[in-house]
Amino acid sequence: MSLCRCLFLLAFIAATSGVNPGVNVRLTAKGLEYGRQLGMAGIQQKLRTIKIPDMSGKDRVRFIGKVKWRVSNMRMVSVGLPKSAVTPVPGTGIRMSISNAYLRVQGNWRVKVLRIIRKSGSFDLSVSGLSMSPTLAIKSDGTGRPAVSTVNCAANIGSTSVKLRGGPRWLFSLFKKKINSAVQRAMQKQICPLVAKALSGVNPQLKTLNVVAKVDKHAEIEYSMVSSPTVSTSSIDLSLKGEFYNIGKHQEPPFRPVAFSLPPQTKNMMYVGMSAFTFNSAGFVYHRAGVLSLNITDDMIPRSSPVRLNTRTLGSFIPEIARRFPGLLVKMTVKTSKTPTVTFLPNNMTVEAAGTVSAFAVHSNNTLSPLFVLNLDTSVSAKMFVSGVKLAGSVTLNRMSLTLQRSNVGEFQVTLLNSILQMVLRVVVIPQVNVQLQKGYPLPSLGKMRLVNTELQVLKDYMMIGTDVQFTG
Ligand SMILES: *[C@@H]1O[C@H](CO)[C@@H](O)[C@H](O)[C@H]1NC(C)=O
Ligand SMILES: *[C@@H]1O[C@H](CO)[C@@H](O)[C@H](O)[C@H]1NC(C)=O
Ligand SMILES: *[C@@H]1O[C@H](CO)[C@@H](O)[C@H](O)[C@H]1NC(C)=O
């Protein structure tokens, strides 16, 4: 096999064996348009720094004789970029087209003729019909963040005109060419590097992508890019890892993201698709950390409830409890027995969690007597919402079912405990879960980014957040 074919094969393997992203981010034409506005402001600022060197010389002018001249203090007084567009170029990046741009330069002139006549004044020079079309390539930098570079740029200077103030007519013909060519030279040399500099000014912003964002004391979420951005004719797609990890030593869950792609959307600037994998990786981390557990005692049950967590209430269903442990409080420990799983169906986000409920009688000296252990299967409906640059949520109970795992209080019919457990889930467990869910976790974001006009949709296998963005400061 030739080296070339071998390299091609390696590249092919590298490209296809890449992991699927847990999160897909799409920048739409509307997003690029917002980027264009920010980019233009940067370019305009940079073009104002074009420097034109002073010039001087000696010439022999017909009928006048030897003339010494000097042109100095040339400076940009205005830069106009009235027309520009950005177009994604599939496979390459983004092409910016700037046309009809104009610049105004002011400067001073001075001449000496035959060492006796001295004259000086100012001039205006305008450049119009300036056009350029720099192309931006977007790649992943070493840290999994996007980075842009200007891959080609050609500036085309339309026409220039000079207006001299305070000079005799013959001066005009002497200077016009000289000033013109000096300005054209300076521009040819400086425009593209300045535009490249302005455009690479977004890199410090891109470096603020939260590739590892802390969620809480147990977990962080990783948003590094898993492959280079994909540019299509209407959008730019970024594939991010979107995986929760325990803080410290990362461990991969026994499941992988399933490939998914966002449907065509144009309304918002940005779409973020968050797959079931991302949520499941969170479940994996929290379940393994052992934090999906809760001790429930009678003082957590509202005063108004007739059902109490004591041996009298439980004893009315399981007589042995009343007989062996009269007049004691009961404590229940609810915890997950495996990683909860999230399922996304259109307009339906459901979490299934399997766990155990262990009940204990609490003696006055605080020792615990185990009563029974139940297997608990629950299904909850989840609603997510965007709060700041975080995704938060809340759940409500759909259904639960109980089976007996073991009993220290004889055989009993588990379904008798359904209503107590339903009450415990509704008034204690779910509200506590919701307190945690409402804290939310960070979405991928850049610097001081604000999300506005946010919409959330649940689709098959993922959730999609459509949003506009605003950068402040
Ligand atoms: C629940 O109680 C047990 C002992 O009674 C304790 O070991 C455990 O840490 C408690 N769990 C929580 C979440 O408070
Ligand atoms: C949502 O989907 C689950 C299955 O994942 C199903 O059991 C439940 O009935 C659905 N809920 C609604 C409101 O359609
Ligand atoms: C606590 O009280 C129970 C019941 O009264 C008793 O069986 C147990 O031995 C006591 N435990 C301790 C450590 O005192």
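Read-outs: derived from the displayed coordinates by stated rules, not from any lab. Because the structure is a prediction, the values reported are computed rather than measured. Here the Cβ is made from the backbone with ideal geometry for all residues, glycine too, and neighbour counts use every protein chain on show.
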(message) To the nearest 20 Debye, how big is the dipole of the stretch 172-297 about its Cα centre, given +1 on the beta carbon of each Lys and Arg and -1 on that of each Asp and Glu?
(response) 1060 debye
(request) Subtract the Cα-Cα distance of Ala154 and Lys207 from 0.36 nm times their separation in residues, and report this length gain in nm to one decimal. (result) 16.3 nm
(message) How are the alpha carbon pair distances in the chain distributed across 10 Å bins from zero to the largest one, expressed in percent?
(response) 4, 16, 18, 15, 13, 10, 8, 6, 4, 3, 2, 1, 0
(request) Grab the DSSP H runs of the chain that are 4 residues or longer, score each as -39,500 (n - 2.57), total them, divide by all residues and round the 222 nm result to the nearest 500 deg cm²/dmol. (result) -7500 deg cm²/dmol
(message) Using only Cα atoms and rounding to the nearest 10 degrees, what angle (0 to 90) does helix 276-288 make with the longest principal axis of the chain?
(response) 50 degrees
(message) Give me log10 I(q)/I(0) at q = 0.18, 0.22, 0.29 Å⁻¹ for the stretch 418-473, Debye formula, one equal scatterer per alpha-carbon, no solvent.
(response) -0.82, -0.94, -1.09
(request) For Lys177, go through the aspartates and glutamates and keep the ones whose alpha-carbon is under 20 Å away, minus same-chain ones fewer than eight residues off. (result) Asp54, Asp59, Asp124
(request) Assign one of three labels to the stretch 286-345, namely rounded, prolate or oblate, based on the Cα gyration tensor with a ≥ b ≥ c the square roots of its eigenvalues; rounded applies when a/c is under 1.5, prolate when it is not and a/b is larger than b/c, and oblate otherwise. (result) prolate
(request) Note down the magnitude of the dipole of the chain about its Cα centre, charges +1 on Lys and Arg C-beta and -1 on Asp and Glu C-beta and zero elsewhere, to the nearest 20 debye. (result) 4440 debye
(message) Here is the link list: Lys331/Lys439; Lys249/Lys335; Lys331/Lys383; Lys46/Lys448; Lys83/Lys390; Lys58/Lys163. Which ones come out longer than 32 Å on Cα distance?
(response) Lys83/Lys390
(request) Can you tell me the relative contact order of the chain? Whole percent, Cα pairs under 8 Å, sequence separation 6 or more. (result) 14 percent
(message) Sorted from largest to smallest, which semi-axis lengths in Å does the alpha carbon gyration tensor of the stretch 179-330 give for its equivalent ellipsoid, taking the root of 5 times each eigenvalue?
(response) 61, 17, 16
(message) To check my understanding: the extent here is largest minus smallest coordinate of the Cα atoms along each principal axis. What are those three numbers for the stretch 72-196, in Å, largest first?
(response) 69, 27, 19
(request) Report the paramagnetic label zone for Ala186: residues of the stretch 86-130 whose backbone N is under 17 Å from a point 7 Å from Cα along the Cα-to-Cβ axis. (result) 102-110, 121-128, 130
(message) I need the per residue convex hull volume for the stretch 258-316, using only the alpha carbons, in cubic angstrom as a whole number.
(response) 227 Å³
(request) Return the FRET efficiency for the residue pair Ala41, Leu368: r is the Cβ-Cβ distance, R0 is 60 Å, and the value is rounded to the nearest 0.05. (result) 0.35
(request) Would you work out which of Val67, Asn453, Gly144 lies farthest towards the positive end of the dipole of the chain, given +1 charges on the beta-carbon of Lys and Arg and -1 on that of Asp and Glu, about the Cα centre? (result) Val67
(message) So if I average 1/r over every pair of distinct C-alpha atoms in the stretch 77-119 and take the inverse, what Kirkwood radius in Å does that give?
(response) 14.4 Å
(request) Pop out the ³J(HN,Hα) list for the stretch 372-381 in order, Karplus 6.51 cos²θ - 1.76 cosθ + 1.60 with θ = phi - 60°, rounded to Hz; leave Gly and Pro as x. (result) 7, 10, 10, 8, 10, 10, 10, 10, 10, 8
(request) Could I have the simple spin-label model distance between Lys30 and Ser72, label points 7 Å from Cα toward Cβ, reported in nm to one decimal? (result) 5.5 nm
(request) Could you calculate the contour length gain from Leu294 to Ser228, that is, 0.36 nm times the residue separation minus the distance between their Cα atoms, to one decimal place in nm? (result) 19.5 nm
(message) Let me test this: with uniform point scatterers at the alpha carbons of the stretch 140-228, what is the Debye-based log₁₀ I(q)/I(0) at q = 0.11, 0.20, 0.21, 0.25 1/Å?
(response) -0.57, -0.97, -1.01, -1.17
(request) For the stretch 27-79, count the residues as N, evaluate 2.2 N^0.38 Å, and divide the Cα radius of gyration by that value, please. (result) 2.12
(message) Checking the cross-link filter: which aspartates and glutamates have an alpha carbon closer than 20 Å to that of Lys460, excluding same-chain neighbours under 8 positions apart?
(response) Asp237, Glu243, Glu352
(request) Can you tell me the FRET efficiency between Leu345 and Arg256 if r is taken as the Cβ-Cβ distance and R0 is 25 Å, rounded to the nearest 0.05? (result) 0.75
(request) Go through His218, Thr378, Leu103 and say which Cα lies farthest out towards the positive end of the charge dipole of the chain; charges sit on Cβ, +1 for Lys and Arg, -1 for Asp and Glu. (result) Leu103
(request) Return the FRET efficiency for the residue pair Arg312, Lys439: r is the Cβ-Cβ distance, R0 is 45 Å, and the value is rounded to the nearest 0.05. (result) 0.75
